[in-house]
Amino acid sequence: MPEACLTFSDLTLGYNCHPAVHHLNGTVRKGALTAVVGANGSGKSTLMKGIVGLLKPISGSCAVAPGTRLAYLPQQSELDRSFPARVVDLVSLGLWPRRGLLGRFRPEDREAVAKALSGVGLEGFDKRPIDTLSGGQLQRALFARVLVQDADLILLDEPFNAIDARTVSDLIALIKRWHGESRTVLVVVHDLDLVREHFPEALLLARQPVAWGEARQVLSPENLLRARRFHEAWDENAPWCEPHTAHAHDHGDANHEDIPTRADQRGAA
Amino acid sequence: MDVLHTTFIAPFVEFAFMQRALLGAFMLSLSACPVGVFLMLRRMSLTGDAMAHAILPGAAAGFLLYGLQIVPMTIGGLIAGVIVALGAGMVARLTIQKEDASMAAFYLISLSLGVLMVSLRGSSVDLMHVLFGTVLALNNDALMLIGLVCALTIASLGIFWRALVAECLDPLFLRSVSRLGTPVHFIFLGLVVINLVAGFQALGTLLSVGLMILPAAAARFWTQRVEIMCLLAIGLGLLSSISGLLLSYHASLPSGPAIILSAGAAYLVSVIASPRGVLLARLPRVAHRTA
């Protein structure tokens, strides 16, 4: 069995006792390239935050394999674009996992930054102040930072928002390169055609996991219909979720076939 | 030549109190100005002002209990400052309330407490020293304290520089790779407090924030690099100190306001004349490049 990079066991994440990701089980194996899809409010970004550790689980756990280096590109970056920094300073932040607080940047580090910049097509931008970049250029700079981080597990939350077609295909090529280097990559995407074309695996969320597995099967019309039927709004009077009713079965491997059946029990949960 | 000497050099050569004042102001510039740069870049300039108000009651309490002595006043100011910084920072980090609102709440509570305490004892001429500072009467204790704060600030900035920059530039990223984000924020607030406390001996509680913010705000107009901005702010702080002390010497002005007003002049000049200032930005450009 392939090694697991991420293991979700009965993971429930949310805000104020309202779940945004409800009872997620399963594993992401090392080297997998998975698209995370679902409607607005279906828990995609919340899942990302849970994996990074920015959000503590309400119940269950999300285990990252020990020694995994993680890189995270959030949907809503808290990047302060008015801060007086150059592109090279921004991308050099990615050296943190290697050099930490006090480690000196070495020549090979500068080389890695330069290579990352050229890898995203931003040669000659290194001295540019970040407030002079366009949205797409900034996104590419952030991809360059992910490149520099040299992570084993890469989480990208809607990285293609407001990005032109050419840049999207550049970034897709980069993601495929990571996949080829057997890094584990999870990408939140809205464009389903993009998923069908480029992603081997997909996880369809609608608060509950609806389907998880081979991308084209996951994105079947039946699954998409089921995913669309979930209630986006919180119900303040929703009954408390009883333990061990909706998730009595366990499955620890990469075989997620049983998820669709569980989605049918959603009414009970 | 002689005029230049008597105007600019002689006061510092002839009078020990001027030398001490200059030394104190130099050390303050060295430590408060870079702190001010980060305060400004984090859009917390007014937080500095709030903190300055927050330490006033602590200093006043020390003054009321022990008279015009530096140690109790410093400790009082530190305690009040740390309580306000920690309280406001905790509320901002642990609840949905942002730092501006929590800081305002805490400093107002602190200020009203201070005013209450002062009114219990009635007013005093010496209290004016607390409020407006006495850079021309810095004693050994005060210089020691300023030197200590200066060394501590520069060492902390040196050690936590990368984390501080990351926390300002992209706090969410820092949180994803390190747990240093929150500690660095509090260390930074601590540096603000100790620099204000060090400054109030020389410049008074109300104006000690001036040497922190004004050179930093002026430096922002001249450069796009944090490192250079810090150095420039220090330079402007040093120049303001010299010119303020000379102004106060020759025109018999209170020294604290004279120093801060000099820094204010540097700021206004920067606003108007710098490459990113009002004048050049409004100037119609005749030529533009092709790309």
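For the range B:145-171, the tally of residues that are part of a helix (DSSP H, G or I), closer than 26 Å to A:P129 by Cα and either without any contact (Cβ under 8 Å) to a residue 40 or more places away in the chain or among the acidic types (D, E) (or both) stands at 10.
Here is a yes/no grid of residues against (1) out of contact with any strand residue (DSSP E or B) (no Cβ under 6 Å at 6 or more places or on another chain); (2) farther than 17 Å from B:P171 by Cβ; (3) touching a residue at least 12 places away in the same chain (Cβ under 8 Å):
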site: A:L73; (1), (2), (3): no, no, yes
site: A:D109; (1), (2), (3): yes, yes, yes
site: A:K127; (1), (2), (3): no, yes, yes
site: A:D131; (1), (2), (3): yes, yes, yes
site: A:A144; (1), (2), (3): yes, yes, yes
site: A:D152; (1), (2), (3): yes, yes, yes
site: A:F160; (1), (2), (3): yes, yes, yes
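For the range A:53-64, the set of residues classified as more than 12 Å from chain B (Cβ to nearest Cβ) and not in a strand (DSSP E or B) consists of A:K56, A:P57, A:I58, listed by residue number.
Okay, residues lined up against (1) under 26 Å from B:R162 (Cβ atoms); (2) without any contact (Cβ under 8 Å) to a residue 12 or more places away in the chain; (3) open to solvent by 30 Å² or more (accessible area, probe 1.4 Å):
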site	(1), (2), (3)
B:P11	no, no, no
B:M18	no, no, no
B:A32	yes, no, no
B:D49	no, no, yes
B:I70	no, no, no
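Every condition in (1) touching a Lys or Arg at 6+ places or on another chain (Cβ under 7 Å); (2) within 20 Å of A:V146 (Cβ to Cβ) holds for A:E78 except the one numbered (1). Based on this model, can you work out whether A:A20 counts as touching a Gly at 6+ places or on another chain (Cβ under 6 Å) and part of a strand (DSSP E or B)? For A:A20, the condition - touching a Gly at 6+ places or on another chain (Cβ under 6 Å) and part of a strand (DSSP E or B) - is met.
Within the set A:G67, A:G31, A:G50, the sole residue that is touching a Ser or Thr at 6+ places or on another chain (Cβ under 6 Å) and either in a loop (DSSP other than H, G, I, E, B) or buried (at least 17 other Cβ atoms within 10 Å of the Cβ) (or both) turns out to be A:G31. Name the residues in the range B:209-236 that are facing another protein chain (nearest Cβ under 10 Å), in contact (Cβ under 8 Å) with a residue 24 or more places away in the chain and over 12 Å from B:L41 (Cα atoms), would you? Once the filter is applied, which keeps residues that are facing another protein chain (nearest Cβ under 10 Å), in contact (Cβ under 8 Å) with a residue 24 or more places away in the chain and over 12 Å from B:L41 (Cα atoms), the range B:209-236 yields nothing. Of the residues making up the range A:70-81, those that are part of a loop (DSSP other than H, G, I, E, B) and more than 8 Å from chain B (Cβ to nearest Cβ) are A:Q75, A:Q76, A:R81. In the range A:183-198, of all residues being open to solvent by less than 10 Å² (accessible area, probe 1.4 Å) and not polar (S, T, N, Q), the one that is farthest from A:D235 (Cα to Cα) corresponds to A:V185.
The conditions of being open to solvent by 30 Å² or more (accessible area, probe 1.4 Å) and touching a residue at least 40 places away in the same chain (Cβ under 8 Å) are not met by B:T205. Per the listing A:L117, A:L122, the residue uniquely part of a loop (DSSP other than H, G, I, E, B), within 23 Å of A:F160 (Cβ to Cβ), without any contact (Cβ under 8 Å) to a residue 40 or more places away in the chain and more than 10 Å from chain B (Cβ to nearest Cβ) is A:L122.
Among the residues making up the range B:146-182, those that are away from chain A (no Cβ under 11 Å) and either surrounded by fewer than 19 Cβ atoms within 10 Å (Cβ to Cβ) or of a type in the set (A, V, I, L, M) (or both) are B:I146, B:G147, B:L148, B:V149, B:A151, B:L152, B:I154, B:A155, B:L157, B:T182.
The values are calculated or read from the model by the stated rules, or taken from the named source; none is laboratory data. Small disclaimer: the values here were computed from a predicted structure and weren't measured. Cβ atoms come from the backbone with ideal geometry, glycine included; neighbour counts cover every protein chain shown. In case anyone asks, the SASA skips ligands and DNA or RNA and just uses the protein heavy atoms, side chains included. Shrake-Rupley method; radii C 1.70, N 1.55, O 1.52, S 1.80 Å.
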